[in-house]
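What follows is one structure encoded as structure tokens, with my remarks underneath.
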Amino acid sequence: MSSFSPGFRGRARSLADRLPPGQYPTEQFPVLSAGPTPRVSTDTWTFTITTETGDTHSWTWADMMALPQQETVTDIHCVTRWSKFDTPWRGVSLDAFFEDVETAADFVTVDSHGGYTTNLPLEDLLDGQAWIAHSYDGYPLSPEHGGPARLLVPHLYFWKSAKWVRGLRLTHEDEPGFWESVGYHNYGDPWREQRNWGD
Amino acid sequence: MADDTAHLDGNCLAGPLSEILSVEATTAWWRCPECARTGPLAGLHVYGPDPGLTARCPGCAHIALRLVRDGDHIWLSLGGGTGAFRFRTA
């Protein structure tokens, strides 16, 4: 196979290494829906963090866009077994939102327009691991993919990256979300194939 | 609520519900607790099938039930919220 450059082989090998167990790669960006697609205007959009003591911290769309913006290119993994490599996002790190939030909570419930929820440990949203993403591949995030803004937590199965995000509730007790309460795994690590309740 | 997202009709619930109910489900009468609309289960708007089936009121999109197959189990949640039943089917 001398016609292939070392660089080509190296890239192919690295892509295989980037595929979690039980997943297949796709060039598409499938849309999975559990309800009608909410149409949320950036004119009225807000994002609110509510602490375990009831303190609230809210940002308008303009507030969010004034925060430091980050580009991230990452692989995403859906529990329905597709993975998509090198997805390009733009948004704001959760670290920026949490800069002035005082909390002793360990868990987060994510609330979305349309009633969707998901839960995860707070530590999985911090230290550069999660964003509020508002752009994809250079364009504003479409409503079908969660626009105007969605949570992006790429190290967990993609149902944790809640579309149409409107807020986070910090809690001492872990509370199962929309899919977690009907049989999906509470944490959802694709590398440990934590798809279902008993995995 | 305007609903321009692709959805299935409630008849697609017949198969999985037949595994846990002994009577025909699609003709079951249903009332929405949110908007008081009534009708047969077959008239619900169902989103899915993956990651699971979410059946909603065709009028206001309130959740009527959610159903997820997990190996030898079917998970069923009625009326929204995070409570659920887990049925062994095999």
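Taken over region B:11-39, the criterion of being farther than 17 Å from residue B:63 by Cα and not hydrophobic (A, V, I, L, M, F, W, C) is satisfied by B:15, B:16, B:18, B:19, B:22, B:24, B:27. Listed by first and then second residue, the pairs linking a residue in region A:136-155 that is part of a loop (DSSP other than H, G, I, E, B) to a residue that is modelled with pLDDT of 95 or more and exposed (fewer than 14 other Cβ atoms within 10 Å of the Cβ), with Cβ atoms under 7 Å apart and 6 or more places separating them unless they lie on different chains, are A:137/A:88; A:147/A:140; A:148/A:140.
Okay, residues lined up against (1) within 14 Å of chain B (Cβ to nearest Cβ); (2) within 13 Å of the chain's Cα centre (by Cα); (3) farther than 26 Å from residue A:42 by Cα:
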{"position": "A:90", "(1), (2), (3)": "no, yes, no"}
{"position": "A:97", "(1), (2), (3)": "no, no, no"}
{"position": "A:148", "(1), (2), (3)": "no, no, no"}
{"position": "A:164", "(1), (2), (3)": "yes, yes, no"}
{"position": "A:173", "(1), (2), (3)": "yes, no, yes"}
{"position": "A:184", "(1), (2), (3)": "yes, no, yes"}
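One residue stands out among those in region B:70-80 that are over 11 Å from the mean Cα position of the chain (by Cα) and more than 8 Å from chain A (Cβ to nearest Cβ): the one that is modelled with the lowest pLDDT, which is B:72.
Here residue A:128 does not fit the description of being without any contact (Cβ under 8 Å) to a residue 12 or more places away in the chain, more than 26 Å from residue A:43 (Cα to Cα) and surrounded by fewer than 16 Cβ atoms within 10 Å (Cβ to Cβ). Taken residue by residue, region B:26-37 has no member that is among the β-branched types (Val, Ile, Thr), surrounded by 15 or more Cβ atoms within 10 Å (Cβ to Cβ), under 17 Å from residue A:32 (Cβ atoms) and more than 8 Å from every other protein chain (Cβ to nearest Cβ).
Within region A:31-44, can one find any residue that is away from every other protein chain (no Cβ under 14 Å), within 18 Å of the chain's Cα centre (by Cα) and in contact (Cβ under 8 Å) with a residue 24 or more places away in the chain?
No, the conditions are met nowhere in region A:31-44.
The values are calculated or read from the model by the stated rules, or taken from the named source; none is laboratory data. Only a predicted model underlies this, so the values are computations on that prediction, with no experimental measurement involved. Neighbour counts run over all protein chains shown; Cβ positions are idealised from the backbone, glycine included.
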